[in-house]
Every structure is written in structure tokens, then in C-alpha cells.
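Following: one structure in C-alpha cells, then a few remarks.
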Amino acid sequence: MHSAIDDLCQQLGLNPLKVALSSVKELYAMPEQQLLDFKFSIIKEAFEFHYQNNAFYRQSCDQKGVTPETLTAAAQLIDIPVMPIELFKAQDNFKLLSKSLNDVELEMRSTGTSGIPSVSRRCKETVDNAVLGIYTMYREFLNISKGAGLYLCPSTEEIPEMGMIKALNMLAGLLDTHRFMVQNEQMVPEDVQAQLDEWAGKFDRHIIGPPFLINRFIRFLKATNTKLKLDKNSYVITLGGWKRFSGDMLSRAEFNQECIDYLGVEPKNIRDIYALVESNVIAIDDENGVKHVSPFIHFSVRDPKQLNKEVPLGTTGQLAILDPLSRSTPGFILTEDLVRLLPKEEGDHRSGQRIQYVMRLPESKEFGCCAVNLDKRLDDLEAEQTEGCPLVS
């Protein structure tokens, strides 16, 4: 469906997608159907681009009888062929490119428990889109423009290709100062506490990192019977899996309560982010802990046994992502994540989709990103040390 916004953009010579990326608040304020129609228009344009420029993807589309001409309404978004995320791990994953390898500006990787890296390549246009999309979502849901960021993860200097850290590092540009507390695969909890103490009274102190590393610091506080009181506006921001290398799941409810008890943060300021290195989507918790999908990206939740069918709202299914931000590779991906789309609650002023992450598919050979390997490495190092700070399981 061609929208009035498309017509206006065409008159002014503007790119509708770029307008969308800088208009998150306005998109969330649209009526639901208008937002869905707008998403369809930018997703269809992206589909046409990849159909015309990617022989591998076009073959899949032709086999299923889906062409740019057959897509006429938002109800047909489910017809757009999606690629299994495992293709990003294949040795010949360059076949996913809709642009030349010479156009690739950034290559990002994520390696979970399988040890096989997932390689995501981004051209200049894709990087431009991703940067705009991530920053506008950060501003919409976190509204951070100052303070100190305590990163409980390695720096991008140590692991420049790690997508999780790259996305978290973008927050540093909005802060007054920051410090990464994992160096040479080690984190010293006493140093973490000392840095927080040094910033006390000078900055709002934000703790940022994968859940297991923040949980590791909280274990130290519990073992030393220490309770901190961060600032009124302090955030705890997590990104990364909730499943440890051992297979144990961190409880989100318990994690939140321990952040309140031992870090002294407001419940509304504990925010988790869902993201994938293969996609440009981020979904961020609001003040009520409800995760909102980027309004320019569409989530389709499928029946794992009938992937051409979507499950009802509130029902667990397999996530497919329709991401128009990607130009280097088709952003139409079938993940191995089980999620639920949630209904809009009374008093929630935003339109768009809400997601609750459930787990990886039981048959998935992979869980976690690079963070899960760091988790194991830190545990191995602790086991090797005869002396050190007290930690409890």
C-alpha cells in the first residue's frame, strides 16, 4: 500500500526509510494500521532491491512464487521468503550478499556454543541505517545524554568484531565518561566497586553489559555483604543471552530483584535489549519491562511445525524478522528464537509490536553469542586461581 508519507517523501526527494529512522517517536504515535502499512511500504522496497540484486535470494523467491508484483498489502508480509539464520555460519555465506564484497564496510561476528562464527557483512548504506536506528531507539527508551558508563564487558579494542559490544559501545557516545572493566578476559570485582565509588557524586552511574557479567558482580557484593546505592537516574542495561555456558538460565525476575537490593537502582531503570548480529533490529524494555520492537522492523512469529503460518498474539512461536535496514544482505531472517508477541496494555501510548523472549528452539545446536564463551572463560580462570576475591554460585 502506497502511503501519504511515501508521496510526501517523493515530492521532497527524501528517502522514506531514512525519514522513518529519524522519526521513532512519530512512528510509535501512528495508529496501528497506518504504522503497519508504512512498514510494509519500506519492507516491500527492500524486498524489491534484494530480489533484483541477489541471485541466491531471487531463486528462493521464484520457487515460492513471490515477486515484487505479488506483494500488494501488509497482510502478505508473511509471504516474503525468509532465510534460516544458520546460513550466516556457512562457509559460502558470501552468496547472501546483494552487493559486491568491495562494498562491505563492516564485518561483524558472533560465536556461541558451537564455536562456528556467524558472519554479518554491512555496506555503507546498511551501517548508516543501523547507526540511525540504534541511536534513535536508545534516545526513545533510555533518554541518556550524560553520566558515566561502567561496562562489565571487554572493550571494542579487544574484540572489535563482536556485535554485542559494538552496539553497547554506541551508548558511550552519549555519556560523559566510561570504562570497560573486562581486560584480558578478566574482571576484578573490587576494581568495579572502586570505579563506582570514584564516580559517586560526580555522575549518574550506569552499569552496562551482558546479564551474566553483571550477575557476577552482584555475586561478589552478596559474598562481601555489600549493598550499593546508585543514583536516582542510574540504569542497569543488559544485552546478550540469559542462558549461561553451563545451560543454566538466569532468572530475569531474580536478576531484577538483586539489582534493586545490591545496586540500589530503581526497578523502572533496569532495561534489557534484544538484538542479533545478523539483523539491525533492537527491541528495548520500557519503564514497565515491556520490550518494544523497532517501529521500522516487522516481527512475524511462526508455528515452528508450519513455518508458513503465524501463531496468535500471546502464543509462543519461532521468530522471523523482516528488516528493511539491510542492503548488503536480505534482512529477511528466520531465527532460532522462540518468542511471544504481546498485546498493547492499557495506558501504553506506543503503537507497534511488543516482544517477550522465551528461549532458543530446543533442537538448536547453538545458544548465546560471544558472551557465552567469555562466561566460560571467566569461570575457567576462576577455577585456576588459588587466590582471589570471594564469589559464590
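The values are calculated or read from the model by the stated rules, or taken from the named source; none is laboratory data. Note that the structure is predicted; figures quoted are calculated from it, not measured. Every residue, glycine as well, gets a Cβ built from its backbone with ideal geometry; the counts of neighbours run over all protein chains shown.
Here are some notes:
- Counting residues in region 139-146 that are basic (Lys, Arg) and either buried (at least 22 other Cβ atoms within 10 Å of the Cβ) or under 30 Å from ASP348 (Cα atoms) (or both) gives one or more.
- Candidates in region 136-185 are the residues that are β-branched (Val, Ile, Thr) and within 14 Å of the chain's Cα centre (by Cα); of these, the one that is modelled with the lowest pLDDT is ILE165.
- Count of region 193-241 residues which are out of contact with any Asp or Glu (no Cβ under 7 Å at 6 or more places or on another chain) and under 21 Å from ALA167 (Cβ atoms): 17
- Boolean, GLU107 is of a type in the set (Asp, Glu) and either surrounded by 15 or more Cβ atoms within 10 Å (Cβ to Cβ) or assigned to a helix (DSSP H, G or I) (or both): no
Yes/no per residue for (1) of a type in the set (A, V, I, L, M); (2) over 15 Å from PHE332 (Cα atoms); (3) assigned to a helix (DSSP H, G or I):
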residue: LEU36; (1), (2), (3): yes, yes, yes
residue: ILE42; (1), (2), (3): yes, no, yes
residue: GLU45; (1), (2), (3): no, no, yes
residue: TYR51; (1), (2), (3): no, no, yes
residue: THR67; (1), (2), (3): no, no, no
residue: THR72; (1), (2), (3): no, yes, no
residue: PRO81; (1), (2), (3): no, no, no
residue: LYS99; (1), (2), (3): no, yes, no
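- Residue list for region 31-45, filter: in contact with a Pro (Cβ under 6 Å, 6 or more places away or on another chain) and of a type in the set (Phe, Trp, Tyr): none
- Subset of region 285-312 that is part of a strand (DSSP E or B) and in contact with a Phe, Trp or Tyr (Cβ under 9 Å, 6 or more places away or on another chain) - its residue that is farthest from LEU36 (Cα to Cα): ASP285
- One residue stands out among those in region 325-357 that are in contact with a Phe, Trp or Tyr (Cβ under 7 Å, 6 or more places away or on another chain), assigned to a strand (DSSP E or B) and not aliphatic (A, V, I, L, M): the one that is surrounded by the fewest Cβ atoms within 10 Å (Cβ to Cβ), which is TYR357.
- Candidates PRO295, PRO211, filtered to the one that is in contact (Cβ under 8 Å) with a residue 40 or more places away in the chain, under 24 Å from GLY133 (Cα atoms) and out of contact with any strand residue (DSSP E or B) (no Cβ under 6 Å at 6 or more places or on another chain): PRO295
- Taking (1) part of a loop (DSSP other than H, G, I, E, B); (2) of a type outside the set (Val, Ile, Thr); (3) free of Cβ contacts under 8 Å to residues at least 12 places away in the same chain in turn, LYS232 satisfies each apart from (3).
- The one condition in (1) farther than 27 Å from ARG58 by Cα; (2) in contact with a Ser or Thr (Cβ under 9 Å, 6 or more places away or on another chain) that ASN143 fails to fulfil: (2)
- Residue within region 158-166 that is charged (D, E, K, R), more than 20 Å from GLY209 (Cβ to Cβ) and surrounded by fewer than 18 Cβ atoms within 10 Å (Cβ to Cβ) present: no
- Scanning region 180-226 for residues that are assigned to a helix (DSSP H, G or I) and within 15 Å of LEU250 (Cβ to Cβ) yields a count of 10.
- Single residue of region 46-66 satisfying the filter (in contact with a Pro (Cβ under 7 Å, 6 or more places away or on another chain) and more than 10 Å from PRO81 (Cα to Cα)) that is surrounded by the most Cβ atoms within 10 Å (Cβ to Cβ): HIS50
- Region 230-279, residues that are over 29 Å from GLY133 (Cβ atoms), in contact with a helix residue (DSSP H, G or I) (Cβ under 7 Å, 6 or more places away or on another chain) and at pLDDT below 95: ARG244, PHE245
- LEU322 vs. criteria touching a His at 6+ places or on another chain (Cβ under 8 Å), closer than 22 Å to SER120 by Cβ, in contact (Cβ under 8 Å) with a residue 60 or more places away in the chain and crowded, with 22+ Cβ neighbours inside 10 Å: yes
- Taken across region 2-18, residues that are in contact with a His (Cβ under 9 Å, 6 or more places away or on another chain) and either at pLDDT 95 or above or in a helix (DSSP H, G or I) (or both) do not occur at all.
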